[in-house]
Amino acid sequence: MREEFYKVFLTEDEIPHSWYNITADLKTPLDPPLDPSTKELIDPSKLKAIFPEELIKQEMTTEAFVPIPEEVLEFYKQYRPTPLIRAKRLEKILDTPAKIFYKYEGATPSGSHKLNTAIPQAYYNKKEGIKRLATETGAGQWGSALAIACNFFGLDCTVYMVKVSYNQKPYRRILMETFGAKVIPSPSELTEAGRKILAQDPNSPGSLGIAISEAVEDAATHPDTNYSLGSVLNHVILHQTIIGEEAKLQMEKIDEYPDIVIGCCGGGSNFAGISFPFLRDKLRNGRNVRAIAVEPAACPTLTKGKYTYDFGDVAGLTPLLKMYTVGSQFVPPSIHAGGLRYHGDSPIVSRLYKDGIIEARAYKQREVFEAAILFARSEGIIPAPESAHAIKAAIDEAIKAREEGVRKTILISLSGHGNFDLAAYDDYLNGRLEDIEISDEDIKKSLIKLP
């Protein structure tokens, strides 16, 4: 009888030394980004105003594997490899024949997967002499990660934090400030983009699209400053594949392979990080593995959006990207999963969904928090509201396996802990959490404003 494991570890020497670039294996090439002013193919040199050259190269590369610099690997060793854990107590409660594994990215200094790209982004910018990075953050996980990475490399850090999350999650703001970051509620009076939004709506809750506009404008108007993005772009997706590459090695150690890989999906980096190394087997060898991207019903980019070119921000400063979008002018409702309140999705994730390689589903807030509570009480970890979307999908798949009497192996990315999100849990436990689902009519109104 095969030995059963609760946790599977790798040694530091077993940390993968390359990131995986799935664009090398796509059957349909990505549509290229367009210049926001001319709508023509963008000249990569224009990106040098806000990005270092190495990240631009990674954005455009078609190589299947990109070596991880030794300096980045050394920083990775401070918290990687992260553990792969079997959710045995949850399986028992669900009375399911399915095996549920979770890759726990909350075991990082920032409490989420975001540090996996923050470190290389800070490293490449430091190498090119940049003094400061400007960025956006929703729930604060990305801002926390970049604040830590900038502190490691001696860079200043300015974070435009979506205003509703700034007010909901004060401890995230404090964490960022502890590592030396300047945190600004967005929209703000400090940028033209922010002032324009506030003139239209003084009580705007903000959105990731608005915060991106402010951070890009900040970077573009200061020569010592570059912009840093926590999701969506190809190089960010690339860096996050360290998650799935480790998970593959860990599952090999116990002779397991997932039937289903699940991740929450806002801009797409967490979902891509856990799933793309397994999708490599599907694209190259026809391996039968399902990958499910899970998003909030309040911001249903994949499940209700349109596949078309759109701006990555509200002000129209970013290149136009071919992606699933609900419209760059769309301001999502003030749900607690702030990291999933983004109008668009990664062009790579969008291409895979368009081609039927991956699946997507959307859930409402209360059912997500119900799943999160069940997970916390069985596994002893309070998940981030974003991560709880993946947990909900995993529970549904495990129940389906029970009803059908089939054995399935399910792998999820537990992308972060929810220790800074207890106000959200308080709202749920005391009946104050509302279900919000965007109607098809609201989506149509937003899509009218597409460029």
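The values are calculated or read from the model by the stated rules, or taken from the named source; none is laboratory data. Just so it is clear, the model here is predicted, and its values are computed rather than measured. Heads up, the Cβs are rebuilt from the backbone with ideal geometry, glycines too, and the neighbour counts pull from every protein chain shown.
Can you find even one residue in region 227-238 that is assigned to a strand (DSSP E or B) and either under 20 Å from Leu47 (Cα atoms) or in contact (Cβ under 8 Å) with a residue 60 or more places away in the chain (or both)? Steps first, answer last, please.
Initial filter on region 227-238 (assigned to a strand (DSSP E or B)): 227.
Restricting the remaining residues to those that are either under 20 Å from Leu47 (Cα atoms) or in contact (Cβ under 8 Å) with a residue 60 or more places away in the chain (or both) gives 227.
Yes: region 227-238 contains one or more residues that are assigned to a strand (DSSP E or B) and either under 20 Å from Leu47 (Cα atoms) or in contact (Cβ under 8 Å) with a residue 60 or more places away in the chain (or both).
Identify, by number, the condition in (1) within 30 Å of Ile381 (Cα to Cα); (2) under 24 Å from the mean Cα position of the chain (by Cα); (3) not in a loop (DSSP other than H, G, I, E, B) that Gln78 doesn't meet.
With (1) within 30 Å of Ile381 (Cα to Cα); (2) under 24 Å from the mean Cα position of the chain (by Cα); (3) not in a loop (DSSP other than H, G, I, E, B) applied to Gln78, the lone miss is (3).
Considering only residues that are in contact with a Lys or Arg (Cβ under 9 Å, 6 or more places away or on another chain), more than 27 Å from Asn226 (Cα to Cα) and of a type outside the set (A, V, I, L, M), which ones fall in region 291-331?
Across region 291-331, the qualifying residues are Glu295, Pro296, Cys299, Thr303, Tyr307, Thr308.
Against the condition in the same structural domain as Ala272 (by TED's automatic domain parsing), outside any helix (DSSP H, G or I) and of a type outside the set (Gly, Ala, Ser), how does Thr135 come out, does it pass? So that I can check it myself, show each step before the final result.
Values: in the same structural domain as Ala272 (by TED's automatic domain parsing): no; outside any helix (DSSP H, G or I): yes; of a type outside the set (Gly, Ala, Ser): yes.
Against the criterion (in the same structural domain as Ala272 (by TED's automatic domain parsing), outside any helix (DSSP H, G or I) and of a type outside the set (Gly, Ala, Ser)), Thr135 does not qualify.
Tell me yes or no: at least one residue of region 343-356 is closer than 29 Å to Leu90 by Cβ and among the hydrophobic types (A, V, I, L, M, F, W, C).
Among the residues of region 343-356, at least one is closer than 29 Å to Leu90 by Cβ and among the hydrophobic types (A, V, I, L, M, F, W, C), which makes the answer yes.
Tell me the residue from Asp426, Asp442 that is free of Cβ contacts under 8 Å to residues at least 24 places away in the same chain, out of contact with any Phe, Trp or Tyr (no Cβ under 9 Å at 6 or more places or on another chain), over 28 Å from Glu4 (Cα atoms) and outside any loop (DSSP other than H, G, I, E, B), please.
Details: Asp442 fails: out of contact with any Phe, Trp or Tyr (no Cβ under 9 Å at 6 or more places or on another chain).
Unique residue meeting the criteria: Asp426.
If you take the residues of region 28-59 that are within 20 Å of the chain's Cα centre (by Cα) and among the aliphatic types (A, V, I, L, M), which of them is nearest to Ala145 (Cα to Cα)?
Applying the filter and picking the extreme gives Leu55.
Each row is one residue, and each column tells you yes or no for (1) in a strand (DSSP E or B); (2) small (Gly, Ala, Ser); (3) touching a helix residue (DSSP H, G or I) at 6+ places or on another chain (Cβ under 9 Å); (4) in contact (Cβ under 8 Å) with a residue 60 or more places away in the chain.
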{"site": "Ile148", "(1), (2), (3), (4)": "no, no, yes, no"}
{"site": "Cys157", "(1), (2), (3), (4)": "yes, no, yes, no"}
{"site": "Ser165", "(1), (2), (3), (4)": "no, yes, yes, yes"}
{"site": "Arg173", "(1), (2), (3), (4)": "no, no, yes, no"}
{"site": "Glu177", "(1), (2), (3), (4)": "no, no, yes, no"}
{"site": "Gly180", "(1), (2), (3), (4)": "no, yes, yes, no"}
{"site": "Ser188", "(1), (2), (3), (4)": "no, yes, yes, no"}
{"site": "Ala193", "(1), (2), (3), (4)": "no, yes, yes, yes"}
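Going by the structure shown, is Ala64 closer than 23 Å to Ala371 by Cα, touching a residue at least 24 places away in the same chain (Cβ under 8 Å) and among the hydrophobic types (A, V, I, L, M, F, W, C)? First the steps, then the outcome.
Values: closer than 23 Å to Ala371 by Cα: no; touching a residue at least 24 places away in the same chain (Cβ under 8 Å): yes; among the hydrophobic types (A, V, I, L, M, F, W, C): yes.
No: the conditions fail for Ala64.
Could you figure out which of (1) on the phi > 0 side of the Ramachandran plot; (2) in contact with a helix residue (DSSP H, G or I) (Cβ under 7 Å, 6 or more places away or on another chain) isn't true of Gly356?
(2)
Name, by its number, the condition in (1) part of a helix (DSSP H, G or I); (2) in the same structural domain as Asp421 (by TED's automatic domain parsing) that does not hold for Ile119.
Here Ile119 meets the rest and fails (2).
With the requirement that a residue be touching an Asp or Glu at 6+ places or on another chain (Cβ under 8 Å), basic (Lys, Arg) and more than 17 Å from Phe179 (Cα to Cα), what does region 92-148 give you?
Result: Lys99, Lys103, Lys127.
Looking at region 11-69 only, could you name the residues that are of a type in the set (S, T, N, Q) and out of contact with any His (no Cβ under 7 Å at 6 or more places or on another chain)? Walk me through how you get there before you give the answer.
Narrowing region 11-69 to residues of a type in the set (S, T, N, Q): 11, 18, 21, 23, 28, 37-38, 45, 58, 61-62.
Residues satisfying the conditions are Thr11, Ser18, Asn21, Thr23, Thr28, Ser37, Thr38, Ser45, Thr61, Thr62.
Among what's in region 341-363 and is assigned to a loop (DSSP other than H, G, I, E, B) and of a type in the set (A, V, I, L, M, F, W, C), pick the residue that is nearest to Gly209 (Cα to Cα). Quick ask: steps written out before the conclusion?
First, pick out the residues of region 341-363 that are assigned to a loop (DSSP other than H, G, I, E, B): 341-343, 345-346, 355-358.
Applying the additional criterion that residues be of a type in the set (A, V, I, L, M, F, W, C) yields 357-358.
Details: Ile357: 27, Ile358: 25 Å.
Among those residues, the one meeting the criterion is Ile358.
Show the residue pairs meeting these rules: Cβ distance below 8 Å; 6+ apart or different chains; first residue within region 346-357 and over 19 Å from Cys264 (Cβ atoms); second residue of a type in the set (Phe, Trp, Tyr) and surrounded by fewer than 24 Cβ atoms within 10 Å (Cβ to Cβ).
Here the result reads Lys354/Tyr307, each pair linking region 346-357 to a residue that is of a type in the set (Phe, Trp, Tyr) and surrounded by fewer than 24 Cβ atoms within 10 Å (Cβ to Cβ).
Could you tell me whether any residue of region 419-427 is crowded, with 19+ Cβ neighbours inside 10 Å, at pLDDT below 95, in contact with a Ser or Thr (Cβ under 9 Å, 6 or more places away or on another chain) and of a type outside the set (Asp, Glu)?
Yes: region 419-427 contains one or more residues that are crowded, with 19+ Cβ neighbours inside 10 Å, at pLDDT below 95, in contact with a Ser or Thr (Cβ under 9 Å, 6 or more places away or on another chain) and of a type outside the set (Asp, Glu).
Any idea which of (1) surrounded by fewer than 19 Cβ atoms within 10 Å (Cβ to Cβ); (2) within 19 Å of the chain's Cα centre (by Cα); (3) farther than 30 Å from Ala401 by Cβ is the one Pro69 doesn't satisfy?
It fails just one condition, (2).
Which of the strands (runs of 3 or more DSSP E) contained wholly in region 266-340 include at least 3 residues that are crowded, with 22+ Cβ neighbours inside 10 Å? Outline the logic, then answer.
On the way: elements: 290-296, 306-311, 320-325.
So the answer is 290-296, 320-325.
Pick out the one residue from Ala362, Ala388, Ala291, Ala384 that is touching a Gly at 6+ places or on another chain (Cβ under 7 Å), of a type in the set (A, V, I, L, M) and touching a residue at least 24 places away in the same chain (Cβ under 8 Å).
Numbers: Ala362 fails: touching a Gly at 6+ places or on another chain (Cβ under 7 Å); Ala388 fails: touching a Gly at 6+ places or on another chain (Cβ under 7 Å); Ala291 fails: touching a Gly at 6+ places or on another chain (Cβ under 7 Å).
Only one candidate qualifies: Ala384.
Could you list all residues from region 384-404 that are surrounded by fewer than 24 Cβ atoms within 10 Å (Cβ to Cβ) and either touching a Pro at 6+ places or on another chain (Cβ under 7 Å) or assigned to a strand (DSSP E or B) (or both)?
Selection gives Ala401, Arg402.
Which of the residues that make up region 250-286 are without any contact (Cβ under 8 Å) to a residue 24 or more places away in the chain and either of a type in the set (D, E, K, R) or within 21 Å of Gly344 (Cβ to Cβ) (or both)?
Step one: list which residues in region 250-286 are without any contact (Cβ under 8 Å) to a residue 24 or more places away in the chain, which gives 252, 281, 285-286.
Once the filter is applied, which keeps residues that are without any contact (Cβ under 8 Å) to a residue 24 or more places away in the chain and either of a type in the set (D, E, K, R) or within 21 Å of Gly344 (Cβ to Cβ) (or both), region 250-286 yields Glu252, Asp281.
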